[in-house]
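S.K.: Dumping the structure here so I can ask a few things about it.
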Amino acid sequence: MFDARGAAGSDPSPEGFGRLIAWFGAVWVCTAAALWCAVRFHVLGGGSVDPVALLRAAGFGLALVLVLVLPARAAVAGLALLAGALVLDRHVPGVADVVVALACLGLGLRLLRGAALRGWLVVAAVAVLAALRHMSVILSLGYAVPVSQELALVGLQHKDTLFHAAIAALFSETGHASIGLNGLVALHYHILSHVFAGSFAGWIGQPVLQAYGMFVPVLGGAAMFAAFLAALRGVTGRNARQGPVPALVLAVVAAASSDRLMPSFWVSESYLVSLMLMCLAVALVAESIGRGAVGAGAVLLLALLAGMTALAKISTGAVLVCGLIPMLVVAGGGRWRALVSASAVAAPFVAVYVSTFSETEAGGGMIAPFAYYGNGGEGLGLVLLVLAGFASVRTWQNHRGNTVLVGLCLMAWAGFAAGLLLDLAAGATGYFVGPGLWAAFLAVLALVLRREEPLPKWMLRVAVTLFGLMVLGGIGGRSADRLAGYADALQGTAAEERMTRGIAARIVVAVRDDPSIVAVHVDPKAASFWSGGGKTCWATSLTIQALTGRPVLGAIVPAQYGCVSPAPYYGWGDYDPAKDSALALSPDGICAAAEPWGFAKVLEIAADESLSVVTCDAGRAGPVLRVSDGVTP
């Protein structure tokens, strides 16, 4: 079963590896979907799962995995087709269903046809363990959990999930990148993953917060790892001396075990999407160089991927460009052509950086040598240093002319250098170091797979066994405690009352029943809303936006509730608490505040927590209609 050269039909070719990756991703998606159902059923009981939404989510995950294991150029085209179908489905319902179904059927038959069972059970076991580990980390950290919508309704949602869901929901509903604290003030941020998540929510017919709880665990992790494995296949090419089962098992076990160093890659949708795009770019450049030349078409696709990676997460884009430019300079085929190719790839990244970069509180003080590695990041930095050093030495000794390996080593060192020099808030420096670690993984694993001697069978047995023990141990720890906590918080009469008749739930119902409502205003004396959250106080300001996709007129929590502002982070730097906090406004005052944004209908939550719809015309209030209390289904 662990034959180093044999498994999966004794096919060590890239095609054989591709079939295994497809199988691995499919098992992960199916396992993750089952786990998602199990969590919802355990916490909320029967009737809490929408089978159509779950089927669509799992189908999209399968289609995404199957597309990513195609040759790199076809994978880019397939990814564009899937993303385009999600966006188009809003205007032409059913388009995404057709595209996803055809991708699953056609690509599934193509990739899985004629494959032998031997070795596939091992890969399936590793996929199940990886999906379990992913859900365990999600539950333990509290980001994008399967009950995200319900936690927001009772005021217990994680601040980061509220922030990202607010961006996604507002962009989906208004077309603006904003967090909606007072109108639609522009947010300078990398938003590609939010656009993707918002479109995904619209297609599966679920609120954005609910979609986040599906997007990350059901398809995000599987897609990112499929892209990582596809990149490894591209880097090793036909030079791999080991069988595809050892290649996949070692890659997954090594990378998945690293969540102790960088756990947020499991739960951040922007990290998952940006890493997926980074790996796809590595696969594309490896495939092009393997053919002997990087043509104009490949350069344009690499430029597109570099820009999209940066738009998903600027730090991942920076690390990718640090590797792509040297690769293209070396493989460019002439000085001027190399210069043009490198410039073409760098230009989209620079454009995204200029348009999305927001200064930190320290401003020019971002440069602070050794601050990150001396303040909790030293473990990640040490592992990256060892892996990058090993990959660089081995590449210099035996593979000096391998342009892709050299580029991966440079990406690894770029991530390490960022950790050495930068000091960003809330551990954000780690988002530069992390992609460097993934590049180092790719380089080291590619070197291992090129060994002439077969890997010993005991090595794989030990790797899978230890990984299984680590996963099972994690399930019984913090994640189990968190799951029990979610059940306690969302069960019982009081929780049901808040989820169905609480002020947040009533706002959701009012907007659902009258989609022409385009903004919300909450009186500062509506105490059960402003002080009803049990987690981060200031995150209450993002609850309405995340739940409804509607901006608020004055959403910063009023001073009397004692919240500490996160400014300038989480977009707060674009607002002034003196002007953008919740204020007591008459209907005319509400319409005056709405007029610069062109809001014609505003939902008002009064001091007595009653709901009314204020119709505005040229900054003056028209009819004010009382909203009957609704109940969330």
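S.K.: Tell me, please, whether a residue that is among the hydroxyl-bearing types (Ser, Thr, Tyr) and within 36 Å of the chain's Cα centre (by Cα) can be found in the stretch 583-601.
M.R.: No; the residues of the stretch 583-601 include none that is among the hydroxyl-bearing types (Ser, Thr, Tyr) and within 36 Å of the chain's Cα centre (by Cα).
S.K.: Inspect all residues belonging to the stretch 577-592 and state whether any of them is open to solvent by less than 30 Å² (accessible area, probe 1.4 Å) and within 23 Å of Pro515 (Cβ to Cβ).
M.R.: Within the stretch 577-592, one or more residues are open to solvent by less than 30 Å² (accessible area, probe 1.4 Å) and within 23 Å of Pro515 (Cβ to Cβ).
S.K.: If you take the residues of the stretch 556-570 that are modelled with pLDDT of 85 or more and either among the small types (Gly, Ala, Ser) or closer than 22 Å to Thr174 by Cβ (or both), which of them is most open to solvent (accessible area, probe 1.4 Å)?
M.R.: Of everything passing the filter in the stretch 556-570, Tyr570 is most open to solvent (accessible area, probe 1.4 Å).
S.K.: What's the total number of residues in the stretch 480-508 that are among the aliphatic types (A, V, I, L, M), more than 18 Å from Leu141 (Cα to Cα) and open to solvent by less than 40 Å² (accessible area, probe 1.4 Å)?
M.R.: Residues meeting the conditions: 7.
S.K.: Okay, next question. Would you mind stating whether Phe390 is open to solvent by 10 Å² or more (accessible area, probe 1.4 Å), assigned to a helix (DSSP H, G or I), touching a Gly at 6+ places or on another chain (Cβ under 6 Å) and not hydroxyl-bearing (Ser, Thr, Tyr)?
M.R.: No, not satisfied.
S.K.: Here is a further query. It is to be established whether one or more residues within the stretch 181-203 are farther than 22 Å from Val99 by Cα and either without any contact (Cβ under 8 Å) to a residue 12 or more places away in the chain or open to solvent by less than 10 Å² (accessible area, probe 1.4 Å) (or both).
M.R.: Yes, the conditions are met somewhere in the stretch 181-203.
S.K.: Another question, then. May I ask you to list the residues in the stretch 322-337 that are open to solvent by less than 10 Å² (accessible area, probe 1.4 Å) and assigned to a helix (DSSP H, G or I)?
M.R.: Gly323, Leu324, Met327, Leu328
S.K.: Considering the stretch 524-549 alone, what residues qualify as being open to solvent by 20 Å² or more (accessible area, probe 1.4 Å), modelled with pLDDT of 85 or more and assigned to a loop (DSSP other than H, G, I, E, B)?
M.R.: Lys525
S.K.: Among the numbered criteria (1) in a helix (DSSP H, G or I); (2) modelled with pLDDT of 85 or more; (3) charged (D, E, K, R), which single criterion is violated by Glu497?
M.R.: Only one criterion in (1) in a helix (DSSP H, G or I); (2) modelled with pLDDT of 85 or more; (3) charged (D, E, K, R) is unmet by Glu497, namely (2).
S.K.: Another one. If you go through the stretch 440-459, how many residues are over 15 Å from Phe390 (Cα atoms) and open to solvent by less than 30 Å² (accessible area, probe 1.4 Å)?
M.R.: Total meeting the criteria: 1.
S.K.: Looking for whichever is open to solvent by 10 Å² or more (accessible area, probe 1.4 Å), more than 30 Å from Ile179 (Cα to Cα) and of a type outside the set (Lys, Arg) here; the options are Ala254, Ala230. Which one fits?
M.R.: The match here is Ala254.
S.K.: Checking Gly6 against (1) at pLDDT 90 or above; (2) open to solvent by less than 10 Å² (accessible area, probe 1.4 Å); (3) within 30 Å of Val464 (Cβ to Cβ), which test does it fail?
M.R.: Among (1) at pLDDT 90 or above; (2) open to solvent by less than 10 Å² (accessible area, probe 1.4 Å); (3) within 30 Å of Val464 (Cβ to Cβ), Gly6 violates only (1).
S.K.: So, in the stretch 90-116, of the ones that are at pLDDT below 75 and hydrophobic (A, V, I, L, M, F, W, C), which residue ends up farthest from Gly205 (Cα to Cα)?
M.R.: Top of the filtered list is Ala116.
S.K.: Between a residue in the stretch 604-633 that is closer than 15 Å to Val509 by Cα and surrounded by fewer than 16 Cβ atoms within 10 Å (Cβ to Cβ) and any residue that is at pLDDT below 85 and of a type in the set (Val, Ile, Thr), which pairs come within a Cβ distance under 6 Å, given they are 6 or more apart or on different chains?
M.R.: That search, which allows pairs on different chains as well, returns Val631/Thr500.
S.K.: Among all residue pairs at least 6 apart or on different chains, which show Cβ distances below 9 Å where the first residue, located in the stretch 439-451, is part of a helix (DSSP H, G or I) and the second is surrounded by fewer than 23 Cβ atoms within 10 Å (Cβ to Cβ) and hydroxyl-bearing (Ser, Thr, Tyr)?
M.R.: Phe441/Ser258; Ala443/Ser392; Ala443/Thr395; Leu447/Thr395
S.K.: Another question, then. When only residues in the stretch 509-519 that are part of a helix (DSSP H, G or I) and open to solvent by 30 Å² or more (accessible area, probe 1.4 Å) count, which is farthest from Val627 (Cα to Cα)?
M.R.: Ranking the qualifying residues of the stretch 509-519, first place goes to Arg512.
S.K.: When you scan the stretch 287-297, do you find a residue that is open to solvent by less than 10 Å² (accessible area, probe 1.4 Å) and more than 15 Å from the chain's Cα centre (by Cα), even just one?
M.R.: Looking through the stretch 287-297, at least one residue is open to solvent by less than 10 Å² (accessible area, probe 1.4 Å) and more than 15 Å from the chain's Cα centre (by Cα).
S.K.: Something else about it: Tell me which of these Ala240 doesn't satisfy, since it passes every other one: (1) open to solvent by 10 Å² or more (accessible area, probe 1.4 Å); (2) modelled with pLDDT of 90 or more.
M.R.: It fails just one condition, (2).
S.K.: All but one of (1) in a helix (DSSP H, G or I); (2) surrounded by fewer than 21 Cβ atoms within 10 Å (Cβ to Cβ); (3) not polar (S, T, N, Q) hold for Pro435, so report the exception by its number.
M.R.: So the condition that Pro435 fails would be (2).
The values are calculated or read from the model by the stated rules, or taken from the named source; none is laboratory data. Values in this document were obtained by computation on a predicted structure and should not be read as measured data. In this analysis, Cβ positions are derived from the backbone assuming ideal geometry, glycine residues included, and neighbour counts consider all displayed protein chains. What goes into the accessible areas is simple: the full protein's heavy atoms, side chains included, and nothing from ligands, DNA or RNA. Shrake-Rupley method; radii C 1.70, N 1.55, O 1.52, S 1.80 Å.
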